[in-house]
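Please read the structure below before turning to the comments.
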Amino acid sequence: MFRKQFTIKSYTNLRHSERKTIFPCAINSCFNAKQQVARILVTLPTSNVCLYVLDKEPLFFQCPSENTIFPTVYFLWSASFDGQFPVLFVHAAVLPILQNGSDLMLPGILLDHPFADFEANAPVAIAIVTEERGAPVGYGLVAVGQALISASELRTKRQAGEKGKAIKILHIYGDFLWEYGSKKKFGSKKLGTFGQEHAAAAQHGQVVDEHCTDHDQAVQSSSVSSVAAETVSEKCQEYGDEGVHEKENVQANMDELLKNTFFAALRWKFGPNGPLPIDAGQFYANYILKCLPPDRKLDIKKTKFKKFSTFLRELISIDDDPANWVVRMKSLKGVDTIEEFNINHPLVQSAPELVHNADATAGGSFVDGQPLLSIRDNVFSLTEKVMPIFRPSGFSKGDIVDLNRIRAVLGDYAQKENLYSNGGKEVRLDDTLQPIVQHFLYETFDFNKLVQKIASAMTPAILIKTKEDKQIVHRGTKQPHIDLKIEKRAGNKQVTLVSNLAAFCIDVNMLDSKISGTGTCVLASAPACDGPQLLVQGNEINRIGRFLADFGVPKKFINGLEQGTKEPKKKKK
């Protein structure tokens with residue numbers, strides 16, 4: 001279901017009353033009143049699907065045309081999952097087959113691992129069994145599907161050796177729904193007696209399809225014992241608590257990063273001769289953000305202060321001693337202006353120097369001082385027309401060669417067929433070379449001219465390689481380009497759109513992380529864009545252009561650099 005990219009249609013935070021009408025009671029008991037659950041309606045090529053997200057992690061999904069709630073692999077991996085859904089076991093070799101789009105067939109299900117009873121169309125989890133020396137030792141939950149037959153019918157057909165589809169795979173590790181979450185990898189748990197221990201729990205705690213309006217009535221109709229319901233609630237509370245603790249840790253880290261960067265910027269960048277008075281927002285953008293370490297990104301919204309001006313006001317009251325002040329500021333009509341800094345304050349003088357961010361330096365690349373990309377635009381893709389002289393050298397149609405390789409292959413062929421003349425400067429055309437160069441006379445050609453003729457019989461190409469040896473080949477006369485565009489949105493605000501990063505093997509999230517301190521958004525799909533599109537608030541053409549140059553992208557492959565703001569020329573000393 002999620003093998004292709006989906007588009008977000010709407011995002012709504014659910015109220016507590018809405019959860020009761022949407023979720024079956026067995027699932028609704030997993031959330032407490034303080035946890036914020038969001039419903040995201042996404043559009044797939046064939047249907048619409050509702051995702052239910054807790055702390056930015058998709059836990060469940062549902063087709064609007066059905067009442068059944070399906071878990072995601074993130075819920076299966078969480079501490080909340082304790083057999084609420086039946087689990088079928090398969091060999092590890094089945095995983096790549098399922099990831100390619102196949103449904104789970106009857107012969108692929110292992111019967112030596114017990115599983116709970118379920119009806120047709122019920123949600124089912126799929127786990128792969130890991131082995132050591134031929135013996136099963138662990139399992140990993142990797143997929144979610146919908147049962148096409150009941151458990152009893154599955155056992156009967158499997159024991160009889162019948163074939164056919166058993167489970168329709170809806171969601172699997174590695175698909176786009178998994179990419180929408182935190183992209184965690186599944187771990188392997190000890191196998192033990194998983195099936196025996198959890199078969200009963202799965203049978204009693206299995207999610208019902210009908211919506212429940214009365215909790216006690218729902219428990220009675222679905223045979224969910226009070227003990228099982230309490231277990232589910234406790235486990236899901238643990239999952240929610242983990243999310244709260246993680247959020248608190250992120251906030252504490254952001255608070256610490258803001259304080260360290262502020263005092264480092266005062267000591268090492270602003271100094272005693274910095275321009276005063278200065279707007280608080282201008283100081284934040286020009287000094288704090290440019291003092292960030294290259295591997296860190298500061299998000300003021302994730303701090304407890306939420307605003308930089310709030311942080312400054314806390315610094316004003318940091319010490320009761322009036323002589324030990326840090327900053328003095330005033331506010332006029334909502335504009336905060338910094339009037340003075342105490343550069344001699346102990347917190348400023350003890351601040352360590354931080355490595356400046358990449359855009360504050362004149363150049364530099366991001367990995368080992370070398371560009372991330374290697375782009376070769378003077379290469380060619382072999383066509384069937386030139387294969388008679390390239391096939392004996394081990395080449396195949398579509399292989400990429402450069403002019404040096406063409407010279408070497410032509411030289412070997414001319415020497416083998418004794419076609420050299422005039423001291424090796426010319427080559428006689430034989431019956432093999434004549435169709436390639438479209439010259440049907442037994443004449444001699446200058447060697448370099450013949451190389452160009454053979455190259456013109458191939459398809460021009462551009463080869464892009466990353467430092468991880470991933471490569472993309474663009475064939476044809478149309479060159480790929482990264483498009484930079486300025487658009488105006490509501491309130492006459494400017495935004496910068498960056499398109500076609502995927503055509504150059506550039507991870508849009510990596511570029512997003514480099515543009516620290518600027519509002520950014522990654523659009524999963526956009527018209528006339530190869531891969532995701534990056535939206536940046538303001539005119540950031542010059543800054544993005546410098547990042548792309550650091551990545552190793554030449555200017556001729558970037559459209560729209562002329563839209564950048566004109567930077568003042570540096571005065572000669």
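The values are calculated or read from the model by the stated rules, or taken from the named source; none is laboratory data. Everything quoted here is computed from the prediction, not taken from an experiment. Glycine also receives a Cβ, built like all others from the backbone with ideal geometry; neighbour counts cover every protein chain displayed.
Quickly run through the stretch 90-101 and pick out the residues that are touching a residue at least 24 places away in the same chain (Cβ under 8 Å) and under 24 Å from the mean Cα position of the chain (by Cα).
Leu95, Leu98, Gln99, Gly101
Report, by residue number, each residue of the stretch 465-515 that is farther than 16 Å from Ile400 by Cβ, crowded, with 16+ Cβ neighbours inside 10 Å and of a type in the set (Ser, Thr, Tyr).
Thr496, Ser499
Go through the stretch 354-384 and report how many residues are closer than 28 Å to Trp268 by Cβ, modelled with pLDDT of 50 or more and surrounded by 13 or more Cβ atoms within 10 Å (Cβ to Cβ).
2
Just the residues that are in a strand (DSSP E or B) and in contact with a Ser or Thr (Cβ under 8 Å, 6 or more places away or on another chain), please, taken from the stretch 52-67.
Glu57, Pro58, Leu59, Phe60, Phe61, Gln62
Report yes if Gly423 is surrounded by fewer than 19 Cβ atoms within 10 Å (Cβ to Cβ) and under 20 Å from Lys385 (Cβ atoms), otherwise no.
No.
In the stretch 448-463, which residue that is β-branched (Val, Ile, Thr) and outside any helix (DSSP H, G or I) is surrounded by the fewest Cβ atoms within 10 Å (Cβ to Cβ)?
Thr459
State whether the residues of the stretch 539-548 include one that is more than 27 Å from Met254 (Cβ to Cβ), in a helix (DSSP H, G or I) and among the aromatic types (Phe, Trp, Tyr).
Looking for residues that are more than 27 Å from Met254 (Cβ to Cβ), in a helix (DSSP H, G or I) and among the aromatic types (Phe, Trp, Tyr), one finds none in the stretch 539-548, hence no.
In the stretch 98-107, what residues are crowded, with 16+ Cβ neighbours inside 10 Å and either modelled with pLDDT under 90 or among the charged types (D, E, K, R) (or both)?
Those that are crowded, with 16+ Cβ neighbours inside 10 Å and either modelled with pLDDT under 90 or among the charged types (D, E, K, R) (or both): Gln99, Asp103.
Somewhere in the stretch 47-54, is a residue under 30 Å from Ala160 (Cα atoms), surrounded by 13 or more Cβ atoms within 10 Å (Cβ to Cβ), within 28 Å of the chain's Cα centre (by Cα) and not charged (D, E, K, R)?
Scanning the stretch 47-54 turns up no residue that is under 30 Å from Ala160 (Cα atoms), surrounded by 13 or more Cβ atoms within 10 Å (Cβ to Cβ), within 28 Å of the chain's Cα centre (by Cα) and not charged (D, E, K, R).
Has the stretch 449-469 got any residue that is of a type in the set (Asp, Glu) and touching a strand residue (DSSP E or B) at 6+ places or on another chain (Cβ under 8 Å)?
no
Specify the residue that is surrounded by the fewest Cβ atoms within 10 Å (Cβ to Cβ); the eligible residues are those in the stretch 385-398 that are over 10 Å from Ile436 (Cα atoms) and of a type outside the set (A, V, I, L, M, F, W, C).
Checked the stretch 385-398; the qualifying residue surrounded by the fewest Cβ atoms within 10 Å (Cβ to Cβ) is Gly394.
Can you tell me which residues in the stretch 248-285 are touching a residue at least 60 places away in the same chain (Cβ under 8 Å) and touching a strand residue (DSSP E or B) at 6+ places or on another chain (Cβ under 9 Å)?
Leu266, Phe270, Pro272, Gly274, Leu276, Pro277, Ile278
Just give me the residues in the stretch 477-503 being within 12 Å of Val553 (Cβ to Cβ) and in contact with a Pro (Cβ under 7 Å, 6 or more places away or on another chain), in sequence order.
Asn500, Ala503
Take the stretch 30-89 and flag every residue that is of a type in the set (Ser, Thr, Tyr) and free of Cβ contacts under 8 Å to residues at least 60 places away in the same chain.
Across the stretch 30-89, the qualifying residues are Thr43, Thr46, Ser47, Tyr52, Ser65.
Which residues, counting only those in the stretch 485-532, are under 25 Å from Arg296 (Cβ atoms), assigned to a strand (DSSP E or B) and not hydrophobic (A, V, I, L, M, F, W, C)?
Within the stretch 485-532, Thr496, Thr520 meet the criteria.
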